[in-house]
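Undergrad: Take a look at the following structure, please.
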C-alpha cells in the first residue's frame, strides 16, 4: 500500500503552514482579533507612558543629584584648624559625596558671577558672606537625613538646602513607577484574558479539525504552533501600533515642552534617544502576552 | 498486530464496558467486530486508538504496549493506524486534495511526496477525478471513499473502520466494503466495526462478536450471529 511515494514521517517544522494557518485564523475571527490587538495597544501604551515618565524623572533626579549641593555655614569663631576638623567630620557623615571649603571671599565671587551686571553688587563687603562648606550628596532620597546630620554637628551655624525640588523628583519617579507597575499588571492580565479567549474561540471553531489531526497522529506541538503564531502575531501587531502611538504622543509632549521654553527646567529625553529600547520592550511584551495567551487557551483542546 | 490480553475497562461513572476480553488480530487479517449497541465495541476502538486506557489487562497495537506508552509516543502509534468514522469527519471547507494534504502534513510529508501520493490513493478509491471537489458536493458514498483515502494516505499498518457503512444505502455499502477488502488484499490489516448483517455474511471473513463486554464468539469465515443469542 505504499504506492505513489514512500512516506517520510519526519517531524518537519512547517513554518509556512503554521504562519498561514495563524493568519487565516486571525481573519476568521476578525472582531475578537481586533479587540485583542486593541487591548494589547492600550496595555503597552499605558505601560510605556508611565515608564517614560519614570525614566525622565529618574534622569532629572540623577541630574539634580549631580548638581545638588547644600551649604553648611561655619561658626564665625572657628579657627582654620577647627574648620579643617569640621570638614572631616562632615565628610564622614553618611551619604556625603564630597565636601569643599569655600571662603567668604570665594563665596562673594561666585555670587557676583551669577549676575551679568556685577557692578551693582561690587561694593558689598566680604563680611556679608560667611565661610561655608559646600556639600554634595550621593542619594537624593536621603537628602533630608543628611542635612539634619550635618546641621547637628558642632560648629555648623546654619544650613541652606533646596531639598523640595529633589524630593519632588523622587516622588514623581516613585509614583510613576508604582502606577506603571500596577497598571501593567492589571492590563497584562486583561490582555492575556482577551487573547486567550480569542484563541479559545479559534480552537473551538476548529475543534473537529484538531480532533482529526490528533487521531491521524499529530503531535501536540504540531497542533499548538498555528495558535501560538496567531497569538504571537496579535501581540506583535499590538506592539507595533502601540509603539507608533507612543512615539506620536511623546513627540507632541516634547514639542510642547520645548515650545514653552520649559526644556531647561524639565530636560526631557528626545524620543530619538530612546526609541530602540522602547520598541524592543514593546515587541517583547507583546510577543510574551500573545504567546502566553494562546498557550493557556490551547491546552484543554489537546486532550484527545 | 493487535493483542488484547484479559482486558477490563471500567469508566469513571462505574460502567463496566469490557470484562476480560482476549483478542489477537495478526497482520494482514480482515476482521469484522460485531455486537449490539453498548456491547463494548466502541470501547475497544477507543482502547486501540489510545483515547482511553484499560483498567486492567494488556493492550498491544502494532508493537506499542499501550499500558505504559508515554504521552509523546501516542501520535507515533496513531500513525500506524488509519481510522474511518461512520460520519466521515471530513473538513468541509477543504477540497478532497486539501483534506489529504492536511493529514500528510501532520507526518511531515514534503510537497513532492504529496503530489505523488495523493493521485495514487485517489485512484485507488475511485476518486481520481474528484481531487478539487469539496466534500459537500459529493454523495455519501464518495465522502466515505475520501475518508478511506485519508485513512490510507499515510500508509498505515492497519485500518480501523467504525461503522463505515452506517450512513450509506446497501449498494454504496457493498462498494465501500469491497474497497476495504481490496485494500486488505494489498496487505493492510482491517478491523471493521459494523451492524450490517448482510455484508458480514456476504464477505465471510473472521467475525468477532462482543456482548455485554465479553467475547461472545470468534470465528474465521464466520457470519453475523449475535442476534441468535439475544
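Undergrad: Please report Rg (one decimal) and Dmax (integer) in Å for the Cα set of the protein assembly as shown.
TA: 39.7, 131
Undergrad: Hey, another quick one. First check a/c for the stretch B:125-167, with a ≥ b ≥ c the square roots of the eigenvalues of its C-alpha gyration tensor; if it is under 1.5, answer rounded, and if not, answer prolate when a/b is larger than b/c or oblate otherwise.
TA: Details: a/c = 2.71, a/b = 1.29, b/c = 2.09.
In terms of gyration-tensor shape, oblate.
Undergrad: Taking the Cα atoms only, what angle lies between the long axis of helix A:163-205 and the longest principal axis of chain A, rounded to 10 degrees?
TA: 0 degrees
Undergrad: So what's the angle, to the nearest 10 degrees on a 0 to 90 scale, between helix A:220-259 and the longest Cα principal axis of chain A?
TA: The angle comes out near 30 degrees.
Undergrad: Now a separate question. Using all Cα-Cα distances in chain A, what percent lands in each 20 angstrom bin from 0 up to the longest?
TA: Cα pair-distance distribution for chain A, in percent: 24, 33, 23, 15, 4, 0.
Undergrad: Still on this model: Find how much the distance from residue A:257 to residue A:103 grows on full extension, using 0.36 nm per residue of separation minus their present alpha carbon separation; answer in nm with one decimal.
TA: Values: separation 154, 0.36 × 154 = 55.44 nm, distance 3.92 nm.
Stretched fully, the residue A:257-residue A:103 segment lengthens by 51.5 nm.
Undergrad: Oh, and also: Output the antiparallel fraction of DSSP beta bridges having both residues in the protein assembly as shown, as a percent to the nearest 5. Mind showing how you got there, number by number?
TA: Working: 34 of 51 bridges.
Once the DSSP bridges in the protein assembly as shown are tallied, antiparallel ones form about 65 percent.
Undergrad: Follow-up question, since we're still on this one. Give the relative contact order (percent, whole number) for chain A; include only Cα pairs under 8 Å separated by 6+ residues.
TA: Contact order relative to length: 29 percent.
Undergrad: Same structure again: Could you work out the relative contact order of chain B? I mean the mean sequence separation of Cα pairs under 8 Å and 6+ apart, divided by the number of residues, in percent. Mind showing how you got there, number by number?
TA: Working: 431 pairs, mean separation 64.1, N = 230.
Result for chain B is 28 percent.
Undergrad: In whole angstrom, note down how far apart the Cα centers of the stretch B:185-207 and the stretch A:69-100 are.
TA: 105 Å
Undergrad: Helix-only estimate, please: 222 nm mean residue ellipticity of chain B, summing -39500 (n - 2.57) across DSSP H runs of length 4 or more and dividing by its residues, to the nearest 500. Can you show the working numbers first?
TA: Values: 8 runs with 78 residues, N = 230.
So the calculated ellipticity at 222 nm is -10000 deg cm²/dmol.
Undergrad: Report the residue, chosen from A:74, A:195, A:40, that carries the largest GNM mean-square fluctuation when chain A is represented by alpha-carbon nodes joined by springs under 10 Å.
TA: A:74
Undergrad: Something else: At a 10 Å Cβ-Cβ cut-off, how would you order B:58, B:145, fewest neighbours first?
TA: Values: B:58 14, B:145 24.
Final ranking by Cβ density, sparse to dense: B:58, B:145.
Undergrad: Let me ask something else about it. Whole angstrom only: what separates the Cα centroid of the stretch B:134-172 from the Cα centroid of the stretch A:168-237?
TA: The stretch B:134-172 and the stretch A:168-237 have Cα centres spaced 38 Å from each other.
Undergrad: With n ≥ 4 as the cut-off for DSSP H runs, can you work out [θ] at 222 nm for chain A, using -39500 (n - 2.57) per run divided by the number of residues, rounded to the nearest 500? Write out the running numbers ahead of the final one.
TA: On the way: 9 runs with 203 residues, N = 304.
Using -39500 (n - 2.57) per qualifying helix, the result is -23500 deg cm²/dmol.
Undergrad: Calculate the FRET efficiency for residue B:195 and residue B:53 from the Cβ-Cβ distance with a Förster distance of 25 Å, rounded to the nearest 0.05. Don't skip to the answer; put the middle values down first.
TA: On the way: r = 27 Å, r/R0 = 1.06.
With a Förster radius of 25 Å, E is 0.40.
Undergrad: For B:101, B:219, B:214, what ranking results if the residue with the fewest other Cβ atoms within 10 Å of its Cβ goes first?
TA: Numbers: B:101 20, B:219 12, B:214 15.
Going from sparsest to densest Cβ surroundings: B:219, B:214, B:101.
Undergrad: Of B:112, B:172, B:89, which has the largest mean-square fluctuation in a 10 Å C-alpha GNM of chain B?
TA: B:112
Undergrad: Mind checking which of B:75, B:156, B:164 has the largest fluctuation in a GNM of chain B, springs on alpha carbons under 10 Å?
TA: Between B:75, B:156, B:164, it is B:75 that shows the largest mean-square fluctuation.
Undergrad: Can you bin the stretch A:69-161 into rounded, prolate or oblate? Criterion: square roots of the alpha carbon gyration tensor eigenvalues sorted a ≥ b ≥ c, rounded for a/c under 1.5, prolate for a/b above b/c, oblate for the rest.
TA: Details: a/c = 2.55, a/b = 1.55, b/c = 1.65.
Oblate, since a/c reaches 1.5 and b/c is not below a/b.
Undergrad: Moving on to the next point. Angle, helix B:170-185 long axis vs. longest principal axis of chain B, Cα atoms, 0 to 90°, nearest 10?
TA: Helix B:170-185 sits at roughly 90 degrees to that axis.
Here, each number is a calculation from the coordinates, and none is a lab measurement. Keep in mind it's a predicted model, so treat the numbers as computed, not measured. When we count neighbours, we look across all protein chains shown, and the Cβ atoms used for this are built from the backbone with ideal geometry, even at glycine.
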